[in-house]
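Presented below is the structure to which this report refers.
The values are calculated or read from the model by the stated rules, or taken from the named source; none is laboratory data. None of the values given here were measured: they were computed from a predicted structure. Positions of Cβ are generated from backbone atoms using ideal geometry, with glycine treated the same way; all protein chains shown enter the neighbour counts.
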């Protein structure tokens, strides 16, 4: 009997979802016609474009476009993409939008040569020189002139890599482009998005992504090509066994994956990387912008925050807004946004607890409805709309970071405490031995593919390692809300000439903590050390990402860097914890801990380093939190 009830409870939601899919799919196929076109670009290349047209010809319709390197399949005018059956996307069909999906240059059924994060070159719109903004311009121009019954207004949106293409479209200056929503956008693949963080290569993401995405495509194709599957359930052992970047590249890719070759050829933040920073060109942006990001986005957490700042700084007259919720990568479109891993974001307000539905109804839909159809209003959408975790509540701000913050210094001390009192000791430090052959794992789970839940994982496993330093505050007597980028300012010395530094900001829950809904998780939450934000910094780039500098062994040196923005309340009765370590494996590739090229070295070049972190009067290692004023 109990088993039958369990199965019924399990399958009822799936049955309801299936019925919704069937209902939406029947309606859309009945009320829409799909056509496929090869749209010519100014240099003669043709880009494959799938266009879904409302059958209602009595009114003019806006165009909503998605330019993607991930395929606009299925191909064939009688085949409709299953993306249309999702709640958010199908709603645009019920509202009469012309839906357009386009394979970007050189991908799948589009002609031309693909280039990763192709640089933006301004003032090229009348020449044969092309970039993603000119392709967006030419596509929009063709659509406006050739698609019947359009109202002359175009919007562009996209999540992740398509978020990069949305940003490039915003720079096209086409007069018909009225609204753009870059969501979890790729912006800078060296400083903070996807494949590098502060100059450190993110091995798991770079390897798994390019095993599929990076396979050369000599001619148009309709499906994915990929290398043979990896026979492993344990990423930690797999990457440790297969060695360094150079060994993995030679063993699995050789010279077939262009991006891996480019990474090896450009180890520092040179002109090649700088030209691929999508934020550099955000000047005089014409369309209205709505940027969407996830507080716990394991891929592009950096991009959303910093694209918003770039547009606000470089294009102050542009209508630019940002929404940040408690989501994983694209979670607002693929989940209810009620929890991540063991952490719940549910509150007593059911309207706010389903954060994805709240986002769509209050931000994305009103944004496009207003700018593309002239319906409704955007007056209720603040410049910055942020869900603050811990408190679990939406907040509105006039800018981000909020102007009403104060920098609060939290000092590391000799007793492994974290406090607002600057240390007075004449000489004080903690030390650990960083061994790249026994690196600190990024999670205690055993799995092959990188998890998205690691962004809120319990860090107790790391606290117990001798090569992780732990500093913990007293029990908080009042709530502390942190809103903005966190700064780590460490004073360190090394026995070698280079090392990485991982700093983690952690919320330590009370020992008796339990969720009111005991069925949410069976994980022991008492004393849970929730990762709020973690970031890694390659020490050689402490002064400049373009001009690396070796450490002098034994010499005390400052390493100062920013962690991506945080929106979190440390509740009364909790503690704030800081962890410092030098490996984060296999999330981040290992530093050889010598001032040599990490992309050409072998396993014998990976050496141990004795590392000290100082906390005395002259060398007060500090973490600076932007605390929201009451």
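Take the conditions (1) out of contact with any strand residue (DSSP E or B) (no Cβ under 7 Å at 6 or more places or on another chain); (2) assigned to a helix (DSSP H, G or I); residue 304 misses just one of them, which is (1).
Of all residues in the stretch 615-629, those that are more than 32 Å from the chain's Cα centre (by Cα) and outside any loop (DSSP other than H, G, I, E, B) total 1.
The residues on offer are 467, 498, 445, 512, and the sole one that is touching a helix residue (DSSP H, G or I) at 6+ places or on another chain (Cβ under 6 Å) and either within 30 Å of residue 237 (Cα to Cα) or not in a strand (DSSP E or B) (or both) is 498.
Just so you know, in the stretch 187-224 the residues that are touching a helix residue (DSSP H, G or I) at 6+ places or on another chain (Cβ under 9 Å) and closer than 14 Å to residue 106 by Cα include one that is surrounded by the fewest Cβ atoms within 10 Å (Cβ to Cβ), and it is 216. Against the condition at pLDDT 95 or above and either surrounded by fewer than 20 Cβ atoms within 10 Å (Cβ to Cβ) or out of contact with any helix residue (DSSP H, G or I) (no Cβ under 9 Å at 6 or more places or on another chain) (or both), how does residue 302 come out, does it pass? So residue 302 fits the description; yes. Here residue 269 clears all of (1) outside any helix (DSSP H, G or I); (2) in contact with a strand residue (DSSP E or B) (Cβ under 8 Å, 6 or more places away or on another chain); (3) buried (at least 19 other Cβ atoms within 10 Å of the Cβ) except the condition numbered (2). Of the helices (runs of 4 or more DSSP H) lying entirely inside the stretch 323-397, those containing at least 2 residues that are over 25 Å from residue 194 (Cα atoms) are 350-353, 355-359, 365-373.
Residue-by-condition table, conditions (1) touching a residue at least 60 places away in the same chain (Cβ under 8 Å); (2) under 16 Å from residue 620 (Cα atoms); (3) surrounded by 15 or more Cβ atoms within 10 Å (Cβ to Cβ):
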{"site": "418", "(1), (2), (3)": "yes, yes, yes"}
{"site": "421", "(1), (2), (3)": "no, yes, no"}
{"site": "430", "(1), (2), (3)": "yes, yes, yes"}
{"site": "464", "(1), (2), (3)": "no, no, no"}
{"site": "471", "(1), (2), (3)": "yes, yes, yes"}
{"site": "477", "(1), (2), (3)": "yes, no, no"}
{"site": "480", "(1), (2), (3)": "yes, no, yes"}
{"site": "489", "(1), (2), (3)": "yes, yes, yes"}
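None of 151, 78 is in contact with a strand residue (DSSP E or B) (Cβ under 9 Å, 6 or more places away or on another chain) and crowded, with 17+ Cβ neighbours inside 10 Å except 151. Considering 245, 252, the condition of being touching a strand residue (DSSP E or B) at 6+ places or on another chain (Cβ under 9 Å) and either more than 18 Å from residue 203 (Cβ to Cβ) or surrounded by 15 or more Cβ atoms within 10 Å (Cβ to Cβ) (or both) is satisfied by 245 alone. Applying the criterion of being under 15 Å from residue 391 (Cα atoms) and in contact with a strand residue (DSSP E or B) (Cβ under 8 Å, 6 or more places away or on another chain) to the residues of the stretch 350-360, the residue that is surrounded by the most Cβ atoms within 10 Å (Cβ to Cβ) is 355.
Just wondering, is there one or more residues in the stretch 252-262 that are closer than 24 Å to residue 72 by Cα, free of Cβ contacts under 8 Å to residues at least 60 places away in the same chain, under 25 Å from the mean Cα position of the chain (by Cα) and not in a loop (DSSP other than H, G, I, E, B)? Among the residues of the stretch 252-262, not one is closer than 24 Å to residue 72 by Cα, free of Cβ contacts under 8 Å to residues at least 60 places away in the same chain, under 25 Å from the mean Cα position of the chain (by Cα) and not in a loop (DSSP other than H, G, I, E, B), which makes the answer no. Flag not set for residue 438, criterion: in a loop (DSSP other than H, G, I, E, B), farther than 30 Å from residue 344 by Cα and touching a strand residue (DSSP E or B) at 6+ places or on another chain (Cβ under 7 Å).
Given the residues 414, 369, which is the only one that is out of contact with any strand residue (DSSP E or B) (no Cβ under 8 Å at 6 or more places or on another chain), touching a residue at least 40 places away in the same chain (Cβ under 8 Å) and either surrounded by 18 or more Cβ atoms within 10 Å (Cβ to Cβ) or under 24 Å from residue 558 (Cβ atoms) (or both)?
The match here is 369.
Looking at the stretch 510-525, is at least one residue within 23 Å of the chain's Cα centre (by Cα) and touching a residue at least 60 places away in the same chain (Cβ under 8 Å)? The answer is no, given that none of the residues of the stretch 510-525 is within 23 Å of the chain's Cα centre (by Cα) and touching a residue at least 60 places away in the same chain (Cβ under 8 Å).
Looking at 579, 593, just one residue is under 30 Å from the mean Cα position of the chain (by Cα), under 28 Å from residue 427 (Cβ atoms) and in a strand (DSSP E or B), and that residue is 579. Here residue 182 meets the list (1) in a helix (DSSP H, G or I); (2) crowded, with 21+ Cβ neighbours inside 10 Å; (3) modelled with pLDDT of 95 or more almost entirely, failing just condition (1). Given the criteria over 30 Å from residue 239 (Cα atoms) and at pLDDT 95 or above, does residue 461 qualify? Taking the combined requirement at face value, the residue does not satisfy it. Scanning the stretch 516-530 finds one or more residues that are in contact with a strand residue (DSSP E or B) (Cβ under 6 Å, 6 or more places away or on another chain) and in a loop (DSSP other than H, G, I, E, B). Within the bounds of the stretch 164-171, is there any residue that is outside any helix (DSSP H, G or I), modelled with pLDDT of 95 or more and under 30 Å from residue 548 (Cα atoms)? Checked against the condition, which is being outside any helix (DSSP H, G or I), modelled with pLDDT of 95 or more and under 30 Å from residue 548 (Cα atoms), the stretch 164-171 yields no hits at all.
Of the residues making up the stretch 229-242, those that are surrounded by 15 or more Cβ atoms within 10 Å (Cβ to Cβ), at pLDDT 95 or above and more than 22 Å from the chain's Cα centre (by Cα) number 5.
Whenever a residue of the stretch 280-295 is at positive phi and without any contact (Cβ under 8 Å) to a residue 60 or more places away in the chain, it has no partner that is assigned to a strand (DSSP E or B) and surrounded by fewer than 24 Cβ atoms within 10 Å (Cβ to Cβ) lying with C-beta atoms less than 7 angstrom away and at least six residues away or across chains.
Of everything in the stretch 449-464 that's assigned to a loop (DSSP other than H, G, I, E, B) and over 24 Å from residue 408 (Cα atoms), which residue is nearest to the chain's Cα centre (by Cα)?
Checked the stretch 449-464; the qualifying residue nearest to the chain's Cα centre (by Cα) is 452.
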